[in-house]
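To keep things clear, I will list the structure first and then write my remarks on it.
What follows is calculated from the coordinates using simple rules that are stated; it is not laboratory data. Owing to the predicted nature of the structure, the values given are computational and were not obtained by experimental measurement. Every residue, glycine as well, gets a Cβ built from its backbone with ideal geometry; the counts of neighbours run over all protein chains shown.
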Amino acid sequence: MTVSSAPGKVYLFGEHAVVYGEPAVPCAIERRATVSVEARDDDHVRVEASDLSLDGFTVEYAGSTDDRPDVNVPAGLVEAAMGYIDAAVEQARDAADVPDAGFDITVESEIPLGAGLGSSAAVTVAGIDAATRELGRSLPPEAIADRAYRAESAVQKGEASRADTFCSAVGGAVRVEGDDCRRIDAPDLPIVVGFDGGAGDTGELVSGVRALKERYDFAADTVETIGDVVRTGERLLDPDAATDVDAADRIAEVGDLMNFNHGLLESLGVSSRSLDSMVWAAREAGAHGAKLTGAGGGGCIAALDPTPETLTALRFTPGCEEAFRAELTTDGVRRLE
Ligand code: PMV
């Protein structure tokens, strides 16, 4: 048996715009999906999954996920989760050149599904790493990231950027612009996450932004403006950048830019009442800044606050189901067994 884990992430800046070639900066957080894989003697795949937002399900199928699992959780979420696992299995079979390999797979995730913390990327990255090793091959993190991107793109019908999968595979803070993916140095940011208990449909939200962008030039300009916010933000993160602003003030300015980024995402229609109310609770509690993270529509916000105030305020905010401090991690995919 092989076991791998991979981290979730928050977007400091740039989600949605990254789909159209603008840069984005996600950071890996110490909340992980762990995938255990055991090879079988037939070509079946059996998956057992447990997750914060699912009661857990088990499904067995031969070759593909065409057979719908009979489980008592929202069909869309299970279908999405199974799609990523199926695509990860395909990538592992291809990488190891064993097209009919079968597996027993167990997924345990600390990352809520579809909530903007990169659960699908983490499951895909950990799944490809564990399944490939189970077939006797070992890929470096960059190759895992590339295969995980291809898997996500297949599931999301081409509407995926490399941001989530690269960040989850290599860890740390990363900068992604088109196919150009790299680790960047970033200070240890005091990130607080608020989760409304819900999920957004990434594919639908991405299509909504695309439609707005095609309809209105000012929506296309908004996407480009998000790119400008990212370019300004990454200079503030760079510890080597020559600047006369001290470190604490730079973190405060990163917060200002997160506020700006949230406003732009809101105008593109991807926020929600509960995300906005968590963002405002954080700001009123004195956070340097706050924004939704990931596709939006529901799910999580990320705020910057070194004090306990935002965490406390979020815990008392109607619509916020869970709030926690997110430790950044420089570890991407981890091999546990
Ligand atoms: O909500 P998540 O974690 O799936 O993030 C989606 C981020 C988008 O920029 C909206 C899409 C993408 O693939 O980059």
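Details
- Bins of 5 Å, starting at 0 and running to the largest distance - Cα pair percent for the stretch 191-325: 2, 11, 19, 20, 19, 14, 10, 4, 1
- FRET efficiency for A241 and D42, using Cβ-Cβ distance with R0 set to 51 Å, rounded to 0.05: 0.35
- Extension gain, D179 back to L336 (0.36 nm per residue minus Cα-Cα distance, nm): 53.6 nm
- Taking each DSSP H run with n ≥ 4 as -39500 (n - 2.57) and averaging over every residue of the chain yields -13000 deg cm²/dmol at 222 nm.
- The charge dipole of the chain, taken about the Cα centre with unit charges on the Cβ atoms of Lys, Arg (+1) and Asp, Glu (-1), comes to about 320 debye, rounded to the nearest 20.
- Within the chain, DSSP assigns beta bridges of which about 90% are antiparallel (rounded to the nearest 5).
- Each residue in V155, V18 was given a count of other beta-carbon atoms within 10 angstrom of its own, and listing them fewest first yields V155, V18.
- Calculated FRET efficiency, A154 to F316, Cβ-Cβ distance, R0 = 45 Å: about 0.60 to the nearest 0.05.
- Most tightly packed first, judged by the mean number of other beta-carbon atoms within 10 Å of their residues, the peptides 109-115, 227-233, 211-217, 33-39 read 109-115, 33-39, 227-233, 211-217.
- Relative exposure of I251, I226, I144, judged by other C-beta atoms within 10 Å (fewest first): I251, I226, I144
- P(r), alpha carbons of the stretch 88-204 - 10 Å bins starting at zero, rounded %: 13, 41, 35, 10, 1
- Hydrodynamic radius of the chain per Kirkwood, over alpha carbon pairs, in Å: 19.8 Å
- With neighbour counts taken as other beta-carbon atoms within 10 Å, the residues S271, S120 rank, fewest first, as S271, S120.
- Protection proxy ranking, peptides 81-90, 125-134, 324-333, average beta carbon neighbours within 10 Å, highest first: 125-134, 81-90, 324-333
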